[in-house]
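Reading through the structure tokens given below for one structure.
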Amino acid sequence: EELGAKSVCSADAEQMATVKGKCDFIIDTASGDHEASHYLSALAVDGTFCVVGLPQAPFSIHPFSLIMSRKSVAGSIIGGIKETQEMLDYCAAKGIVPDVQTISPKDANHAMVSLAKSDPAVRRFVIDMSQLTPDLVVEPDAAIDPT
């Protein structure tokens, strides 16, 4: 809800049972290997499962899970200017906003450590390049460079 979604699906079987057949659209942004087919049960009739993440391993979907409820699978790596504008307009209309933390370039190592730990408090960092100066020193982080 904080990001504008009406629900969030996960691998948790109990949570997935509460959204069975209720989602019109699921966007799969996971870039790590995962089984995507179990999310199809959350789709409503004529629902779409859209893949935009790029896991290393392929996943399979049984055709029966698509045919019985006219479900669709779509994918996109990036849209052109028109598609990007449509996505931005849709997000603005639905109140969907990015969850970002703006950081100074000097904090890049700390951000990398947070991302590597899959810290749920931060999903994405934006580096404020206006703070980049010739004398800026990136702060070390012991998790990256223990020296």
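Ignoring ligands, DNA and RNA, what percent of the accessible area of the chain is carbon or sulfur (1.4 Å)?
On the way: 6300 of 10620 Å².
That share works out to 59 percent.
A straight Cα-to-Cα reach below 22 Å connects residue 22 with the lysines 6, 71, 94, residues fewer than 8 places away in its own chain not being considered. Tell me whether the chain comes out rounded, prolate or oblate; compute the Cα gyration tensor, take square roots of the eigenvalues as a ≥ b ≥ c, and use a/c under 1.5 as the rounded threshold. Prolate is the answer for the chain, as a/c is 1.5 or above and a/b outweighs b/c.
Rounded to whole Å and ordered largest first, report the semi-axes of the equivalent ellipsoid of the stretch 89-147 derived from its Cα gyration tensor (root of 5λ). Don't jump to the answer; show the numbers that get you there.
Values: eigenvalues 150, 57, 5 Å².
The answer is 27, 17, 5 Å, longest axis first.
Model label points for residue 35 and residue 108, set 7 angstrom from Cα along the Cα-to-Cβ axis, are 4.0 nm apart. If each of residue 131 and residue 18 carries a label point 7 Å out from its Cα toward its Cβ, how far apart are those two points in nm? Roughly 3.7 nm, to one decimal.
Take the Cα of residue 50, step 7 Å toward its Cβ, do the same at residue 92, and the gap between the two points is 1.7 nm. What range in the chain is the longest one free of GluC sites (Glu not before Pro) that are in a loop by DSSP and have at most 16 other Cβ atoms within 10 angstrom? Within the chain, the longest run free of exposed GluC sites (Glu not before Pro) spans 36-147.
Roughly how many Å² is the accessible area per residue of the stretch 70-133, as a whole number, for a 1.4 Å probe? The partial results should precede the final answer.
Numbers: 4800 Å² over 64 residues.
I get 75 Å² per residue for the stretch 70-133.
Longest stretch of the chain clear of exposed loop sites (trypsin sites (Lys or Arg not before Pro), DSSP loop, at most 16 other Cβ atoms within 10 Å, sites excluded): 23-69.
Mind checking the angle between helix 81-94 and the chain's longest principal axis? C-alpha axes, 0 to 90 degrees, to the nearest 10. Relative to the chain, helix 81-94 is tipped by roughly 80 degrees.
Highest mobility in the GNM of the chain, judged by mean-square fluctuation with C-alpha springs under 10 Å and restricted to 25, 49, 125, is found for 125. Of the residues 54, 136, 66, the one that moves most in a GNM of the chain with alpha-carbon contacts below 10 Å is 136.
The values are calculated or read from the model by the stated rules, or taken from the named source; none is laboratory data. As the structure is a prediction and not an experimental result, all values here were calculated from the model. Cβ sites come from the backbone with ideal geometry, for glycine too, and all protein chains shown count toward neighbours. Areas reflect the complete protein model, heavy atoms only, side chains present, ligands, DNA and RNA absent. Shrake-Rupley method; radii C 1.70, N 1.55, O 1.52, S 1.80 Å.
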